Amino acid sequence: MPEYEDYDDYNERDEFDTRRADEDYGDDTYDDRRTYSDSDDDFFGDELDDFDESGESDESDDFDESDDYGEPARKRTPKSHKARKTHKVTGAPTGSGGSGGSGEPSAPAGGKRKRFTWKTILLGLVACALVASLVQVVARGGFGGSLGTSGGGGGHKKSRAQEQEIRPSTKPKTIRLGNQRVPQTSGPIIVINPGLVAPGGKASVEGGGFDPKSTVDLLLKTKRSDTKGRAIRTVRTDKHGSLYTNFTMPESLGGRPGTLVAQQRGGGRTAEAELISGGAIGTARINKTVGRPGDVVSISARGFKPGEQINVFWGRTTGTPVARLRTDSSGGVGRADIRVGVAPTGQSTLVLVGQQSKTTATAPFQMLSLYPAIKSSPYALKAGQRIRLSGNRFAPNERVLVYINATSGLPAFTTQANSFGQLRDVAFNVPFGLKGRQSLTAIGDQSRAVTRSGFTVLPYSPSAEPSTFGGKAGTTLSFYCSGFAPNETVTVYAGNGSVAGRKIATFQVDGRGKAAAVGSYRITPADEGGVSFKLIGSKSGGVAKAGINYSQGQGR
């Protein structure tokens, strides 16, 4: 680059080069009246606000040099930076001429043209880069695509079915009834009715023994060892602590057994009941399409092998058939009367399977629910006494499971329904240890039909009287008592006031719970002021009280 003596000299040579460029590329290339972009406006400041949209100045208003500068237009020196910058933008005349002229602005003195500086070029490159970046972002799907996260667009995976922890229930104290042990007191209990439900079928849950107005979660577990269950329903108990609700048998069981758990929130009370699901099969024909187990229907069949045996099933194709038929020479059965077997309540199927050909014929059948009932007699009795049960409307000849204060584990005892689905001559002795209200539940082993009843165990309240009501030291007395359990052992204790006393005698009552002149005792000098006796039955827990040498009105 050549050296110049001063700035003006450099400026004149630079102007010459600019004019040379104008001549080479034409005046339109550097037209002073071009429209500036927003970036130019930002770069030059507020000086572009005086221009209209066409890029031309309103010389009558905006570029009155006599008003803006107080002097005629003249050539700007390099020291007047603002004037030079304004001149480059507006293309105002640099020669003499009155301000506010209405004609076209004349060219700058000496043919001087506006120049591009390095700042303008740099600004243009930055603007181009920004525009290119925006175009690329839009091409890739907008700002949303560029702001994606590792979470796959912020979507949420579907949560698994809600599961809850199953709290282990407190095992109640038990007493022995025959060869089985049954809970001593009635706790939370639930039953499912009907107990045999096809997948997708409806069933009801009823129970009791929970806290009044408490919230109970119904949880489903497929294995008895599961510690978590799938929540299927939440129900609130009534003022008596009872609940009743309906639910749909999950099809995910696929005919497998499961366990329904009723778990009280915050109360620690839990009850369980078994879910047994049966399946449904195909379609065919039958003379009656609605009935319940034990009803008689007529069927006919065709398409089997002549003379082969046909096994008849209800709602299944395995196990012991409920009936066996024989086809005629045409491979059919003209008419046969059979009893409706046990199958899940609701839409069911009669299935005929050829023993040799394995041909299967089906007929749809709507299975009605069984509504069995049982009652106990007497309703209230004492432990050790005999109670009788009667019932009806069970499935014909099915086994009936009887539970006391529970519906899980082994039943207290089992009995058999007759061909009419009735229970007759069922009795058992109430075991000692049961106290108060007891729950009695009977469940058909095949039909899973459920019915509930109950009875009350009354307490023993024995009485005892000494052979004498007073005496001196050395006097011997005995006792007369009644109201104890038959043939139980009674222990006698002697003591004063609230003191438990010392054991003084043991004897056994007869089959009516009575005893006379038993438990001999010699009065000591310390007993002359009064002594109390307690007689306690070993099985019934009944307590009888007596006393001697007490004045009238004095407690004993």
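Every read-out reported here was derived from the displayed coordinates using simple, explicitly stated rules and does not represent laboratory data. The shown structure was predicted, so the numbers you read here are calculated from the model rather than taken from an experiment. Because the Cβ atoms are built from the backbone with ideal geometry, glycine has one as well, and the counts that use them run over all protein chains shown.
Please list, in chain and number order, the residues 5+ apart from THR349 or on another chain whose amide H is under 5 Å from its amide H, with Hs placed from the backbone.
Here the answer is ILE281, GLY315, PHE365, since their amide H atoms fall under 5 Å of that of THR349.
Report relative contact order for region 480-548 in percent, whole number only (criteria: Cα-Cα under 8 Å, sequence separation at least 6).
Dividing the mean separation by the residue count of region 480-548 yields 37 percent.
Given H placed on each backbone N at 1.01 Å, which residues far from ILE175 in sequence or on other chains put an amide H within less than 5 Å of it?
It is VAL182, GLN184, by chain and number.
Starting from the 7 Å offset along Cα-to-Cβ, what nm value, one decimal, do you get for the label separation of THR227 and SER133?
Going from the THR227 label point to the SER133 one covers 5.5 nm.
When a/c is below 1.5 the answer is rounded, else prolate if a/b is larger than b/c, else oblate, so apply that to region 177-239 with a ≥ b ≥ c taken from the square roots of the Cα gyration tensor eigenvalues.
oblate
When a/c is below 1.5 the answer is rounded, else prolate if a/b is larger than b/c, else oblate, so apply that to region 443-508 with a ≥ b ≥ c taken from the square roots of the Cα gyration tensor eigenvalues.
The shape class here is prolate.
Could you go through region 308-313 in sequence order and give the Karplus-derived ³J(HN,Hα) for each residue, using 6.51 cos²θ - 1.76 cosθ + 1.60 with θ = phi - 60°, rounded to whole Hz, and x for Gly and Pro?
Calculated HN-Hα couplings, in order: 8, 7, 10, 8, 10, 10 Hz.
State whether region 378-514 is rounded, prolate or oblate according to the following rule on the C-alpha gyration tensor (a ≥ b ≥ c being the square roots of its eigenvalues): a/c under 1.5 gives rounded; otherwise a/b larger than b/c gives prolate, and the remaining case gives oblate.
In terms of gyration-tensor shape, prolate.
Mind listing P(r) for region 381-458? All alpha-carbon pairs, 10 Å bins, whole percents.
Result returned by the calculation: 19, 52, 26, 4.
DSSP loop (so not H, G, I, E, B), at most 14 other Cβ within 10 Å: list which chymotrypsin sites (Phe, Trp or Tyr not before Pro) in region 346-420 pass both filters.
Listed in order of number, the matching sites are TYR379, PHE420.
Long-range amide H contacts for LYS288: which residues qualify at under 5 Å (H placed 1.01 Å from N, peptide plane, sequence gap of 5 or more or a different chain)?
SER298
By the scheme Lys and Arg +1, Asp and Glu -1, what is the net charge of all other residues having a beta-carbon under 11 Å from that of GLY384?
In short, +2.
How charged is the neighbourhood of ASP211? Take every other residue with its Cβ under 14 Å from the Cβ of ASP211, and add Lys/Arg as +1 and Asp/Glu as -1.
Cβ neighbours under 14 Å give a net charge of +3.
Are there any trypsin sites (Lys or Arg not before Pro) in region 335-410 that are in a DSSP loop and have at most 14 other Cβ atoms within 10 Å? List them by number.
Counting only loop positions with at most 14 other Cβ atoms within 10 Å, the trypsin sites (Lys or Arg not before Pro) in region 335-410 are LYS358.
Give a quick list of chymotrypsin sites (Phe, Trp or Tyr not before Pro) in region 454-511 that DSSP marks as loop, anything other than H, G, I, E or B, with at most 14 other Cβ atoms within 10 Å.
Those that pass, being in a loop and sparsely packed, are PHE469.
Which FRET efficiency value, to the nearest 0.05, is calculated for THR317 and THR506 with the Förster distance at 60 angstrom and r the Cβ-Cβ distance?
Result of the calculation: an efficiency of 0.40.
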